[in-house]
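Below is one structure, written out as structure tokens; the observations come after it.
The values are calculated or read from the model by the stated rules, or taken from the named source; none is laboratory data. Keep in mind the model is a prediction, meaning the values are calculated, not measured. Here Cβ is always computed from backbone atoms with ideal geometry, including for glycine, and neighbour counts include all displayed protein chains.
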Amino acid sequence: MILSLTGCEKDDSFKEQAGDPQVNAIESGFNIEYVESSVLSKNANLAKQLSKLLTTPENLMGKGGRTELTLHTQIAKYISTEDGSYQSYTFHVSNTPDGVGLENILYASSDGGKSYRIYLLEYPYTEEKMINSFGLTGPFDFKGEHITYYPLNEEAKTNSVDCIMQIMTQCGEGNHNGGYYPDGSPCPAHEAHSSYLDCSISSSGGPSGGATGPYVPFNPSPFNGGGTGTGGGGNPSPGTEATSPMYLPMKSVIRKLAPYEDEAEEDHIKQCLSSNANMTIPLDMFLGENPTPEQEAFGKEAIKAKCENSDAEVEFEDRIINELVGKEKCLDEHLKESGNNFVQDLLANFEGDDSEFGINIKSKDQVFYTDENGNTLEVSGKTKFTPTNNIIEIEISTSKANNRRALQVVGTLLHEYIHADIFRKLNTQPPSNDDLIFRNTYNSFEDNNFEPTPAHETMASLYVNSMKEALKSYHMTVMTGDYNYLSNNGQLDLDNFYEALAWQGLKNHNVEAWQNMPQNQKDEIDQAYQQYIFATTHNCPN
Amino acid sequence: MKNCISIIIFILFVKCTFAQSVSNSLFLVVDRENDTVFLKGKTTKNFRYNNSNEKMNWNLSFYHNHIPNSVYNNYKYLLPKEMIIELKRKGNLEDIQLFMAKLNDFNIKELGQFFSKHYSYYYEYLEKSRKKTFKRYNIFIVYKSDLDKTFVPCYEMSLLKSRIEVQ
């Protein structure tokens, strides 16, 4: 629901704007966007009030017969004026009673966020009907319908508004376009130039500020203690307030992800989305209007991951599903945020609309691998490419990580991310000339018929130096105390140690690059590893 | 006499044309209704076909690539329909899924050996006056929908084998 009281100039452009209150709302000075919980939590006052509501759910109960409501705070629709004086956050609510339409929790402030009035809003349509009628972003037209407001805090108590919304389209010369006066009569051709949404209070609230009939500007009194009418002309009012329904467009996502392998897959996706409703809006935005097959595949993978593990973090733009936990999660976060840019640059290749591949990195208690001879081995990490959905899955062993030094675990993460990058380069369509050269290098190792995999040979010949530099930078910037201790405050050169870490998981495979290295150099690297590794910390730095 | 010479020349021409169909070539028919071909863009200049064998832990990818000025570009042949019929008669042309099923029990090393032994050759080229080589395969993909065309497009494929990687 939007309220937009805007004085418009008499112009033919009215014709184009007519019936698009979302546009009008924006043009009239309202910014509308979605904000995630990480942003919400920075608004201390709002976070405090939200927390209060969540910890005292009885505030939500008993409103119109509601006995069990769930408030979703992971994402909100944020509407504000340019100067920030007005701001509102609208949250989705689920578990509404049968037969009740979409419900939202609205936090609205007219003093720049110092205080909020809180309402439970009930819209006249179900979520499904909203999607069918208005799509994801509207415009929303509730003309002739009832929207119920249940005040949830002291500030909002003064007026419970049970209103009938009307879209007041432009009254411009030569352009009737369904425009109405607040009293419901059509715009005369010569009349004033307003473009706004309005609603009437059906129970109380007579005309104010010049409004005719029972109509007053939308939701005036909670702000102004009496309302400020716009009169027939509909000039902007200081009591103007805007909100807009917040719903989770599950149906839209389901439609975009079709076709499904079978009914069972579709049902599974629906079920997963229902239990992870907060991901639907970011997912819907990620998919856009015409998702690529790769976007669809990543979307499905993300939904399934959230279904199996509600703690999974999905970065749609980065194409990464992160299900790491504990120590490896902590070390991985530092790896992406600190040190040199090796990992950031590597992962940047997976970002963007044109990206073909996604990464799903996860912790597992133990990770096993069965070789071609049927021997099963426990390993620190493994990386697998699934061509059917272009997802590169990385598994990191939690039990191994917990028992190993932090730098060893960082080495494993780097190793597996490089495998992911190699899979990407091998499978990118269409390849660049560099990709083709890379594939030829990879294939040349296959031709040599060495025992190590071509990927390990390629990593050994092309990536070891980058890994060494990344490990060195990580140690110096993230594990500063450990680095200072080990290097005697930078007095000792640890380059051989970092190189040794980079060779872990490669030299034991007898890769060609290691075999060809002079023996004295190999000895120095091995010696540095034995000398320093046991003096480094197990722990992830805070 | 003139007619006789013409007939001899014609026979030689036909023989030479068919000689281009080397015996170690493989033409795999893809039905885009049932087989998944990863096609980027609307042209057939770049596409890939994947086959995964979870039991033996390998992925096999066939690529057809054509990008400007690359030495690694793949050929695209336009073979007369009659030649395709002849290839089929000789057993060089078969359905891709049936062919893949024959590979099911190979481990990755046997898979590599199989393709090298039967279908590979080394292609020589010059780069800055230096002779270089890379491995190519006489493996082509043919779309089922193209089989009735007068000249059937045959896409040379590059091979990549990969597997689950561990540390």
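How many residues, within segment A:67-85, are over 17 Å from A:Pro245 (Cα atoms) and either crowded, with 22+ Cβ neighbours inside 10 Å or among the charged types (D, E, K, R) (or both)? Of the residues in segment A:67-85, 3 are over 17 Å from A:Pro245 (Cα atoms) and either crowded, with 22+ Cβ neighbours inside 10 Å or among the charged types (D, E, K, R) (or both). Just to check your reading of the model, which residue among A:Thr453, A:Thr383, A:Thr458 is buried (at least 19 other Cβ atoms within 10 Å of the Cβ), touching an Asp or Glu at 6+ places or on another chain (Cβ under 8 Å), farther than 24 Å from A:Glu301 by Cα and in the same structural domain as A:Leu486 (by TED's automatic domain parsing)? The match here is A:Thr453.
On the stretch given as segment A:251-265, residues that are at pLDDT 80 or above and within 25 Å of A:Gly101 (Cα to Cα) total 5. Filtered by the rule that a residue be over 20 Å from A:Phe534 (Cβ atoms) and not hydrophobic (A, V, I, L, M, F, W, C), segment A:466-488 gives A:Ser466, A:Glu469, A:Ser473, A:Thr477. Of the residues making up segment B:115-154, those that are in contact with a Phe, Trp or Tyr (Cβ under 6 Å, 6 or more places away or on another chain) and more than 13 Å from every other protein chain (Cβ to nearest Cβ) are B:Tyr119, B:Asn138, B:Ile139, B:Phe140, B:Ile141, B:Val142, B:Cys154. Pairing residues of segment A:264-277 that are over 14 Å from A:Lys251 (Cβ atoms) with residues that are β-branched (Val, Ile, Thr), at Cβ distances under 9 Å and at least 6 apart in sequence or on separate chains, gives A:His268/A:Ile303; A:Cys272/A:Ile303; A:Asn276/A:Ile303. Of everything in segment A:356-373 that's within 12 Å of chain B (Cβ to nearest Cβ) and within 24 Å of B:Asn50 (Cα to Cα), which residue is surrounded by the fewest Cβ atoms within 10 Å (Cβ to Cβ)? Step by step, filter segment A:356-373, then rank; the result is A:Asn373.
Residue-level analysis places A:Asn433 among those that are surrounded by fewer than 18 Cβ atoms within 10 Å (Cβ to Cβ) and touching a Phe, Trp or Tyr at 6+ places or on another chain (Cβ under 9 Å). Taking the listed residues B:Phe99, B:Phe140, the one that is over 28 Å from A:Leu506 (Cβ atoms) and surrounded by 19 or more Cβ atoms within 10 Å (Cβ to Cβ) is B:Phe140, with no other qualifying. Those helices (runs of 4 or more DSSP H) of segment B:59-167 in which 3 or more residues are within 24 Å of A:Asp435 (Cα to Cα) occupy B:108-119. For segment A:387-439, the set of residues classified as over 28 Å from the mean Cα position of the chain (by Cα) and at the interface with another protein chain (Cβ under 8 Å from one of its Cβ atoms) consists of A:Leu426, A:Pro430, A:Pro431, A:Ser432, A:Asn433, A:Leu436, A:Ile437, A:Arg439, listed by residue number. Inside segment B:25-55, can you point out the residues that are assigned to a loop (DSSP other than H, G, I, E, B) and modelled with pLDDT of 85 or more? Residues satisfying the conditions are B:Ser25, B:Asp31.
Taking every residue in segment B:24-39 that is more than 14 Å from chain A (Cβ to nearest Cβ) and on the phi < 0 side of the Ramachandran plot and pairing it with any residue that is surrounded by fewer than 19 Cβ atoms within 10 Å (Cβ to Cβ) and of a type in the set (D, E, K, R), at least 6 positions away or on another chain, the pairs with Cβ-Cβ distances below 6 Å are B:Val29/B:Asp95; B:Val29/B:Lys144; B:Asp31/B:Lys144.
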